[in-house]
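These notes concern the structure reproduced below.
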Amino acid sequence: MDWPEPAPAQPAVFIGAGRYRRHSYGENHPLAIPRVSLTQDLIAAYGALRPHEFLPARVATVPELAWFHDPEYIAAMQRCQVLGKVTHRYRQRHNIGNFENPFFDGFFTTPATATGGSIQGAEAVLAGRVAFNPAGGMHHAMPDQARGFCFFNDPVLAILRFRQAGLRVLYVDVDAHHGDGVEYAFRDHPEVITFSVHMDTGYAYPFVGGRIEDCGSRGNAVNLPLPPGVNDSEYRVLFRQIWPRLLAAGVPDVVVLQAGTDALGPDPLGKFNLSTRFYLELVREIMLGAPTDAHGTPRLLVTGGGGYHPLALARCWTGVWAVLSGRSLPDALPRAAADLLRAVDWDMDEDEDYFPGFFTGRLDGPNMGPVRPEVLDRTQRLIRQHPLFGGHVDS
Ligand SMILES: [Zn+2]
């Protein structure tokens, strides 16, 4: 090995499964790319995953899935896997077997494994470890329907697992898209606060909701929709204003972070322009703000989420794992890691701005820039008007 193995400073667990290595949503789908397996390989190339830190994900059980999902929908997913296809009736009823949420091998088992992983992640946090389930974060799924490439809503089930233990939960969603399914599940729940920063639904999926005004009957949903092009400077300003207020007003016992990487500059679906360097600063801030257990370990579960540029995603999630496990990895990629990234089947034509850095280091940025008045105004309006912060929303 050409790399000294860094020692972890924090009890963290990485949740994965062999089946993600064979998993694809099929050609021409944004999720035709390697994600969890590439991340895991990159981490391994740094020598940054010890055997006791890896937890194989288990398949969520039907009763667990039914904490949130309709039994008919769960049965339909199982039935389609057996049939090897999606029937017309299921397509109509559950929004599956179409371009958005296509049929693939392991149609039930793979999403149910990603979901089982997030429930295990919650249990690992309850047992005193920081947990990362990069296959999770399927925040758009609804009780009876797949939405936005998401079949089962693992963040919802992980949060419900924390609720079984009586914990008050703060869900933070930094994916470029509104965390609509998670908000839907908990918008009227007094013990769960959802916070989502996202591309304004006026121009981005899911094209409805996620406005500052959409705060639930008890003010538990906190949304900050933003214009395209958000840079590191803007995100830092808004986060520093909102995050301490969220912690103070929310008084969480645990934080669940949905860490989709589609807010990174190179992402082909996201329209934000964050750097990897800033993204990791953000994850560190969230970890440092999270409540701690009796041993001083942050009570923090991190899931994956969106992210459609495999190289940007794998570099970023490798960094997320380093933050969570308390490792300081060098910026330079070990040779084996660079080789892994070069071997990914990915059209680089549109990546000229980023290309030189993809294979040399795991970091990029900072992407500093002017802080636009529109971003400041929205942040101020959220703080002034949101009931959680003592305000009043005019609807
Ligand atoms: Zn997304």
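Look at the alpha carbon pairs under 8 Å that are at least 6 residues apart: their mean separation over the length of region 285-379 gives a relative contact order of 24 percent. Between Tyr20, Tyr308, Tyr203, the Gaussian network model of the chain with springs among Cα atoms under 10 angstrom shows the greatest mean-square fluctuation at Tyr203.
Estimated from the Cβ-Cβ distance and a Förster radius of 56 angstrom, the FRET efficiency linking Leu31 and Ala248 is about 0.90. Considering only alpha-carbon pairs that sit under 8 angstrom and 6 or more positions apart, the relative contact order computed for region 179-279 is 23 percent. If I take R0 = 41 Å and measure r between the Cβ atoms of Gln10 and Arg93 in this structure, what FRET efficiency does the formula 1/(1 + (r/R0)^6) give, to the nearest 0.05? For R0 = 41 Å, the calculated efficiency reads 0.40. With the contact rule set at Cα under 8 Å and sequence spacing of 6 or more, what percent relative contact order holds for the chain? The value is 19 percent.
Connecting C-alpha atoms closer than 10 Å in a GNM of the chain, tell me which of Trp346, Trp243, Trp317 has the biggest fluctuation. Highest fluctuation of the listed residues: Trp346. Springs between Cα atoms under 10 Å define the GNM used for the chain, and in it the highest mean-square fluctuation of Asp180, Asp345, Asp214 occurs at Asp345. Report note on the peptides 73-84, 270-281: ranked by the mean count of other C-beta atoms within 10 Å, highest first, their order is 270-281, 73-84.
Which residues does a label at Asp293 reach in region 118-142, if reach means a backbone N under 20 Å from a point 7 Å past the Cα toward the Cβ? Residues 118-134 qualify, since their backbone N sits under 20 Å from the label point. Could you tally the net charge around Ile96, taking each other residue with its Cβ under 12 Å from the Cβ of Ile96, Lys/Arg +1 and Asp/Glu -1? Net charge in that neighbourhood comes out at +4. What helices in the chain pass both tests, a Cα length along the helix axis of 24 Å or more and a mean Kyte hydropathy of -0.5 or higher, using whole DSSP H runs? Counting only whole DSSP H runs, the qualifying helices are 109-126, 232-250.
No lab work stands behind these numbers, since they all come straight from the coordinates. Everything numeric in this text was worked out from a predicted model, so none of it was measured. Heads up, the Cβs are rebuilt from the backbone with ideal geometry, glycines too, and the neighbour counts pull from every protein chain shown.
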